[in-house]
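Step one of this worksheet: look at the structure below.
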Amino acid sequence: MADFVLETRNLTKSFGGFKAVSDVSLQVKRGNIHALIGPNGAGKTTCFNLITNFLTPTSGQILLDGRNVTGIGASQIARMGMVRSFQISATFGSMTVLENVRIALQRREVNTFNFWSSERGLDRLNGRAMELLDWVGLADLAQRSASELSYGRRRALEIAATLAQEPSVLLLDEPMAGMGREDIRTIADLIRRISASRTILMVEHNLSVVADLSDRITVLARGQVLAEGVYAEVSKNPDVIDAYMGG
Ligand code: ADP
């Protein structure tokens, strides 16, 4: 088994002549919550898009469990166990909470070439969807329209739908964005519980959340890795302080 469940080697992405991500080597340990932070424009989103193969790198490699997965396509990456949390769009908002998770489960079935067509199949999918909803604290709201959910609960639903894909590595893009303190606590607790059996890479702006949740942190600035380590060390690094102060 590879030491790092997810690794990037000299990952680089140029847009025209501009390097949005430059020689980024990232190492994510199995079972860790690893945060990717940095000021606006640092290259975090581009990095995420490269890792999940929404973007093709100009150069460099992405390794999942030690296997080179560069350029293999987002759905194949998902099949191999690395899934990015997706946002419930307006279309999905008109469906019930349960249907949203069931569709994610069905997508997994299609991805793994395992089709459920019988009634019994549907019952099983609904049962599994309810288990996931129970796990994220939404079982009571299963029959409600997703669009009726509060912001925090909608995020919990997105996480349930992501877990339906049975990822071993979960990528969370600003899981706390736009949330109040209570929702942050709920989602932080959920992320902690997920990390008991999975690896998490997250981009997050809220530094107190990062300090509280992360095992390790990589700081990006101007497309490059500025620092890597535990929060207590990284937050004292003068280069990091400088980058955040706009220096
Ligand atoms: P972050 O997520 O850290 O705020 P991004 O990855 O979104 O940073 O962007 C990094 C840099 O790359 C920014 O300067 C941004 O303007 C630039 N960039 C991102 N995507 C594109 C694109 N498709 N074309 C040109 N420049 C881009």
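Flag not set for Ala211, criterion: in contact (Cβ under 8 Å) with a residue 12 or more places away in the chain, loosely packed, with under 14 Cβ neighbours inside 10 Å and of a type in the set (A, V, I, L, M, F, W, C). Within the stretch 188-227, being within 16 Å of the ligand (Cβ to nearest atom) and either touching a Leu at 6+ places or on another chain (Cβ under 9 Å) or outside the structural domain of Lys13 (by TED's automatic domain parsing) (or both) holds for Leu201, Met202, Val203, Glu204, Ile217, Thr218, Val219, Leu220, Val225, Leu226. Inspect all residues belonging to the stretch 76-93 and state whether any of them is part of a helix (DSSP H, G or I), crowded, with 16+ Cβ neighbours inside 10 Å and within 16 Å of the ligand (Cβ to nearest atom). No; the residues of the stretch 76-93 include none that is part of a helix (DSSP H, G or I), crowded, with 16+ Cβ neighbours inside 10 Å and within 16 Å of the ligand (Cβ to nearest atom). Which of the residues belonging to the stretch 34-62 are within 11 Å of the ligand (Cβ to nearest atom) and in a strand (DSSP E or B)? Passing the criteria: Leu36, Ile37.
Ala129 meets each of the listed conditions (1) buried (at least 18 other Cβ atoms within 10 Å of the Cβ); (2) at pLDDT 95 or above; (3) in a helix (DSSP H, G or I); (4) assigned by TED's automatic domain parsing to the domain that holds Ser75 apart from (4).
Looking at Arg216, Arg185, just one residue is basic (Lys, Arg) and in contact (Cβ under 8 Å) with a residue 12 or more places away in the chain, and that residue is Arg216. Taken over the stretch 28-38, the criterion of being surrounded by fewer than 18 Cβ atoms within 10 Å (Cβ to Cβ) and not basic (Lys, Arg) is satisfied by Gly31 alone.
Here the stretch 8-26 is the region considered, the condition is being surrounded by fewer than 23 Cβ atoms within 10 Å (Cβ to Cβ) and within 18 Å of Asp173 (Cα to Cα), and the residue that is farthest from the ligand (Cβ to nearest atom) is Leu26. Can Val5 be described as within 12 Å of the ligand (Cβ to nearest atom), of a type in the set (Val, Ile, Thr) and part of a strand (DSSP E or B)? No: the conditions fail for Val5.
Residues checked against (1) surrounded by fewer than 22 Cβ atoms within 10 Å (Cβ to Cβ); (2) charged (D, E, K, R):
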| site | (1), (2) |
| --- | --- |
| Val169 | no, no |
| Pro175 | no, no |
| Glu182 | yes, yes |
| Arg193 | yes, yes |
| Ile200 | no, no |
| Asn206 | yes, no |
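How about the stretch 203-219: which of its residues are touching a strand residue (DSSP E or B) at 6+ places or on another chain (Cβ under 8 Å) and either within 8 Å of Ala35 (Cβ to Cβ) or not in a helix (DSSP H, G or I) (or both)? Across the stretch 203-219, the qualifying residues are Val203, Glu204, His205, Val210, Leu213, Ser214, Asp215, Arg216, Ile217, Thr218, Val219.
Return the only residue of Arg120, Arg30, Arg124, Arg79 being under 20 Å from the mean Cα position of the chain (by Cα), at pLDDT below 90 and farther than 21 Å from Lys13 by Cβ. Of Arg120, Arg30, Arg124, Arg79, the one residue that is under 20 Å from the mean Cα position of the chain (by Cα), at pLDDT below 90 and farther than 21 Å from Lys13 by Cβ is Arg79. Of the residues making up the stretch 35-68, not one is touching a Pro at 6+ places or on another chain (Cβ under 9 Å) and acidic (Asp, Glu). Can you tell me which residue within the stretch 66-75, out of those that are touching a strand residue (DSSP E or B) at 6+ places or on another chain (Cβ under 6 Å) and in a loop (DSSP other than H, G, I, E, B), is farthest from the ligand (Cβ to nearest atom)? So the residue we want is Val69.
The values are calculated or read from the model by the stated rules, or taken from the named source; none is laboratory data. Computed from a predicted model, the values in this text were never measured in an experiment. Heads up, the Cβs are rebuilt from the backbone with ideal geometry, glycines too, and the neighbour counts pull from every protein chain shown.
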